[in-house]
Amino acid sequence: MEDNPMVKPVLNSAPLVVMTTLTVVALLYLVAIIAIAWPPALSVWTALAVLAIPAGLVTWRWSLRIQKRRLWMQFANRQWEYLTRLKGEHETTTEVTVLDFQELQPTGVWATIRWEKFGYVQPAWIEPCSFSIWPQTVLLIRPDPTQIQVGAPWPATYHLRSQACLAIAPVLS
């Protein structure tokens, strides 16, 4: 299964933090032994060489996670710049956040959306767009004037047509 590209990658995890802590404590212990008992025995140098392997692995895992987070932030910034530019080019637009999917179908998806300007949460039918929509995606849309009217009640289910979807961006909070 493909990961949701709209969700910010987690930087740390419990196993990685535990492994980092154990490795750092062991390295500090060996450095202290080397400093106290100079010149150290061959076994201390061997232990230090053996400990260099997990230290290298931990460093490699942290660098991969940091790079993945940095690339995601670049992607998110590009998406938001595009969304902001399109918002300025179109007269009437609004942002909705896709909170969750209830049911996927070939002709669309039943989802729960939140209107960002109003904070209103409601079910919606979203037709397939020209881009992939994931949970935790902010959509820039043109609201349908036949469904949303000033002074009229909100529709029970909002029907989001594919041509009304202009851009997407990940939720940054």
Glu91 versus Gln149: modelled label distance in nm, points set 7 Å from Cα along the beta carbon direction
1.8 nm
Between the Cα axis of helix 42-89 and the main Cα principal axis of the chain, the angle (0 to 90°, nearest 10) is 20 degrees
What dipole magnitude, in Debye to the nearest 20, does the chain give about its Cα centre under +1 on Lys/Arg Cβ and -1 on Asp/Glu Cβ?
560 debye
Which of Glu91, Glu103 is most accessible, then next, and so on - probe 1.4 Å
Glu91, Glu103
Starting from the residue with the highest accessible area, list Leu64, Leu140 in decreasing order, probe 1.4 Å.
Leu64, Leu140
Of Thr23, Thr146, Thr112, which is the most mobile in a GNM of the chain whose springs link Cα atoms less than 10 angstrom apart?
Thr146
Ranking request for peptides 122-132, 31-41, 4-14: highest mean number of other beta-carbon atoms within 10 Å first, then the rest in descending order.
122-132, 4-14, 31-41
Report the one residue of Leu30, Ala52, Gln79 whose Cα lies farthest in the direction of the positive end of the charge dipole of region 1-124 (charges on C-beta: Lys and Arg +1, Asp and Glu -1; origin at the Cα centre).
Leu30
Percent antiparallel among DSSP beta bridges with both residues in the chain, to the nearest 5?
90 percent
For region 59-129, the per residue accessible area (1.4 Å probe, Å²) is 65 Å²
Rounded to two decimals, the Rg over Rh value of the chain from Cα coordinates and the Kirkwood Rh reads 1.27
Largest first, what is the accessible-area ranking of Asp3, Asp144 with a 1.4 Å probe?
Asp3, Asp144
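The values are calculated or read from the model by the stated rules, or taken from the named source; none is laboratory data. Being a predicted model, the structure only gives us computed values, none of them experimental. Cβ: placed from backbone, ideal geometry, glycine included. Neighbour counts: every protein chain shown. For accessibility, only protein heavy atoms count, side chains too; no ligands or nucleic acids. Shrake-Rupley method; radii C 1.70, N 1.55, O 1.52, S 1.80 Å.
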